[in-house]
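The values are calculated or read from the model by the stated rules, or taken from the named source; none is laboratory data. Keep in mind that what you see is a predicted model, and the values were worked out from it rather than measured. Cβ: placed from backbone, ideal geometry, glycine included. Neighbour counts: every protein chain shown. Keep in mind that these areas ignore ligands, DNA and RNA; they rest on the heavy atoms of the full protein, side chains included. Shrake-Rupley method; radii C 1.70, N 1.55, O 1.52, S 1.80 Å.
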Amino acid sequence: MVDILVDHAKTGVNTAGEIVVLAWDATVAASTGIVRGQFSWDEFFLQAWFMTRVSLLPTVLVSIPFGVIVSVQVGGVASQIGANSFIGAVNAIGVMRQAAPLVAAIMIAGVVGAAVTADLGARTVREEIDALMVMGISPVQRLVAPRLVAAVIVGVCLSAVVATTAIMTGYALVVGSGAVSSGTYLGAFISFGQSLDLVMAVLKSAIFGFIAVMVAAHKGLHARGGPKGVADAVNQSVVLSVILLALVNVGITQIYVMLVPQRLV
């Protein structure tokens, strides 16, 4: 039993180290490629369009019920304690700081990450990656770097979509039901919301997109065992990405709360 735990621990450490190395190589390849004019813009636009096409509709469909749930639950508690005027502040704090980047990241990890892992995994088991290396072409520069830049940009855009959809849904539900007036709702939103909340949402989205695509690329490039190995890599990629995103989200949120003064009304 102890040997099994030690083996799993070693595997986890090795995987973490390989992902960090891949992330560094991809970041350097993307940066130097853009500066030197060697970046694969065709692959970038292709991947960005693909990521947007497969994740935009699911993101909107998830954002709408999320906005409804937040508004209904918070509205019920607020009405019990006579604090209906602060319902709008929940969207300023909850949606902008937490929901928007996290939902966007989960969409990237679950939808885009799975597709990236399957694509790179299929290329790996068909020995296309080995063929690129034989020809002197870096798979990281040719395949991973464009996907990295595309995932970061699309993640930020999806975060904006989540925030807009959830906030508009909550506004329509709360104001439409007559719980509070439009002015009260928007006043609470503006009073508690800060410009740094938007900055934090953008930063979180970029980091989450970065992590998700790096995990997906690593699992795809290390797929082994034919189609079954690709399927296993996709499963591992999604699970590991969601766990890492949750942990990183807690850390970033804690740092933000500690360092950024909260607005008082």
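Add +1 for every Lys or Arg and -1 for every Asp or Glu among the other residues with Cβ under 15 Å from the Cβ of ILE211, and state the total. It would help to have the intermediate numbers written out before the result.
On the way: positive: ARG147, LYS204, LYS219; negative: GLU18.
Residues near ILE211 contribute +2 overall.
Carbon-plus-sulfur accessible fraction, segment 1-259 (probe radius 1.4 Å, protein heavy atoms only): 72%. Protein heavy-atom accessible surface, 1.4 Å probe, per residue over the chain: 51 Å².
The mean sequence separation of alpha-carbon pairs under 8 Å and at least six residues apart, normalised by the residue count of the chain, gives a relative contact order of 31 percent. On the basis of the beta-carbon distance and an R0 of 41 Å, ILE243 and MET135 show a calculated FRET efficiency of 0.70. Summing +1 for each Lys or Arg and -1 for each Asp or Glu among the other residues whose beta-carbon sits under 14 angstrom from that of ALA104 gives +2. Take the Cα coordinates of the chain, assign each an equal point scatterer, and use the Debye formula without solvent to give log10 I(q)/I(0) at q = 0.09 Å⁻¹. Per q value, in the given order, log10 I(q)/I(0) is -0.48.
Which net charge results for the neighbourhood of THR253, defined as the other residues with beta-carbon distances under 12 angstrom from its beta-carbon, given Lys and Arg at +1 and Asp and Glu at -1?
+1
Accessible area ranking (1.4 Å probe, heavy atoms, ligands and nucleic acids excluded), largest first, for LEU56, LEU120: LEU56, LEU120. Note on the chain: with charges restricted to the Cβ of Lys and Arg (+1) and Asp and Glu (-1), its dipole about the Cα centre is near 360 debye.
Note on the chain: with a GNM built from Cα contacts shorter than 10 Å, the maximum mean-square fluctuation among MET214, MET168, MET107 falls on MET168.
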